[in-house]
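A quick write-up on the structure given underneath.
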Amino acid sequence: MNLRLFFFIILLGFCSYAHSQQHLRRAFQPAHVENKIPYGANENAGRYVQANDAKIYYEVYGKGQPIVLLHGGLFGSTIEMADFIDRLQQDFQVIAVSTRGHGKSEMGAEPLTLEQRANDVLAVVQAVTKDSVMVLGFSDGGYTAYQFGAMYPNKVKKMIVMGAGELYPGLRAFKFTAKQAVEMDTTYWQQQLKLMPEPNRLEEMFAQVSNCYNKATVGKALLGAIKCPVLVLAGDRDQGNTVEHVINAARMIPNHQIGIIPNTTHTVFLENFAAVWASIEPFLRD
């Protein structure tokens, strides 16, 4: 990352810190939209667990059957799951995880992998409940959900995955940089850098995520090991995880359902939450 740009963002962050803590925003969120609760930085609900070499931050809301929420990668943060938390905490115990390198979670010293992310989820789940859980994941969080379900099938009752299709080396090129991200939404990154315990590692986090996905294989061996019912959702205009790749992934899962939301892209639940919720609610209650 350009050091001058980085320190400029840090300086701006100091100036806006108090306000940003009360009004955290999602990436690319319109200025007139405000989230009522600063999910991802809520002192009343926040907790930490040690997961191997990193402290992982998570928040717990509501009571009932536990459901784990896993946000997207890079631009992802717990605040993007605000609509889900608002709805789900009325009937479920919501466990919203900030994945390592994001929000208030540490990165640790080991290279990022999907297996590592799944073990982070396990550490959080074991810290909160002895019960098995439902899991809802978007994009990077969706791939983590797949991995968690495959590695720990007895821990997962149901799974909802949005925007995560089949994957193998060479299918896509992951090379997005922190510098590009900051230039696209500086206000968002002002807030995120203030939350991060290691803001100087932002560029490294982007590189680690890219390296993880450039090497990852999400295919029959992994998806076929998932035993629970899985609802796979996607926007019909998602250019990164195309409908074809999402459907291919779903069909490798023994017990799957598929929902394609029209006129939406990768961030399907941010673009048409009502349609996504209408697909999810009956699946959860079935």
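Here's the yes/no breakdown for (1) farther than 25 Å from G108 by Cα; (2) within 17 Å of the chain's Cα centre (by Cα); (3) surrounded by 15 or more Cβ atoms within 10 Å (Cβ to Cβ):
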| site | (1), (2), (3) |
| --- | --- |
| P197 | no, no, no |
| N211 | no, no, yes |
| G219 | yes, no, no |
| L223 | yes, no, yes |
| L233 | yes, yes, yes |
| R237 | yes, no, yes |
| N241 | yes, yes, yes |
| H245 | yes, no, yes |
| A250 | yes, no, yes |
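Please verify whether E59 is within 15 Å of the chain's Cα centre (by Cα), surrounded by 20 or more Cβ atoms within 10 Å (Cβ to Cβ) and free of Cβ contacts under 8 Å to residues at least 40 places away in the same chain, treating the condition exactly as stated. Yes. Restricting attention to region 112-143, the residues that are assigned to a loop (DSSP other than H, G, I, E, B), more than 11 Å from the chain's Cα centre (by Cα) and farther than 19 Å from F283 by Cα add up to 5. Scan region 121-158 for residues that are closer than 19 Å to R47 by Cβ, buried (at least 23 other Cβ atoms within 10 Å of the Cβ) and of a type in the set (G, A, S) and the total you get is 1.
For every residue, the table says whether it meets (1) in a loop (DSSP other than H, G, I, E, B); (2) of a type in the set (D, E); (3) under 28 Å from M134 (Cβ atoms).
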| residue | (1), (2), (3) |
| --- | --- |
| E183 | no, yes, no |
| Q239 | yes, no, no |
| E244 | no, yes, yes |
| A274 | no, no, yes |
| A278 | no, no, yes |
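Among the residues of region 142-151, is any farther than 13 Å from L70 by Cβ and in contact (Cβ under 8 Å) with a residue 24 or more places away in the chain? Yes, because at least one residue in region 142-151 is farther than 13 Å from L70 by Cβ and in contact (Cβ under 8 Å) with a residue 24 or more places away in the chain. Kindly establish whether N263 is surrounded by fewer than 17 Cβ atoms within 10 Å (Cβ to Cβ), free of Cβ contacts under 8 Å to residues at least 60 places away in the same chain and not in a loop (DSSP other than H, G, I, E, B). Criteria not met by N263. Could you say whether any residue in region 175-194 is surrounded by fewer than 20 Cβ atoms within 10 Å (Cβ to Cβ), within 19 Å of the chain's Cα centre (by Cα) and free of Cβ contacts under 8 Å to residues at least 60 places away in the same chain? Yes, there is a match, as at least one residue in region 175-194 is surrounded by fewer than 20 Cβ atoms within 10 Å (Cβ to Cβ), within 19 Å of the chain's Cα centre (by Cα) and free of Cβ contacts under 8 Å to residues at least 60 places away in the same chain.
Bear in mind that the values in this text are calculations on the coordinates, not laboratory data. Source: prediction; values computed, not measured. Backbone-built Cβ (ideal geometry, glycine too); neighbour counts: all protein chains shown.
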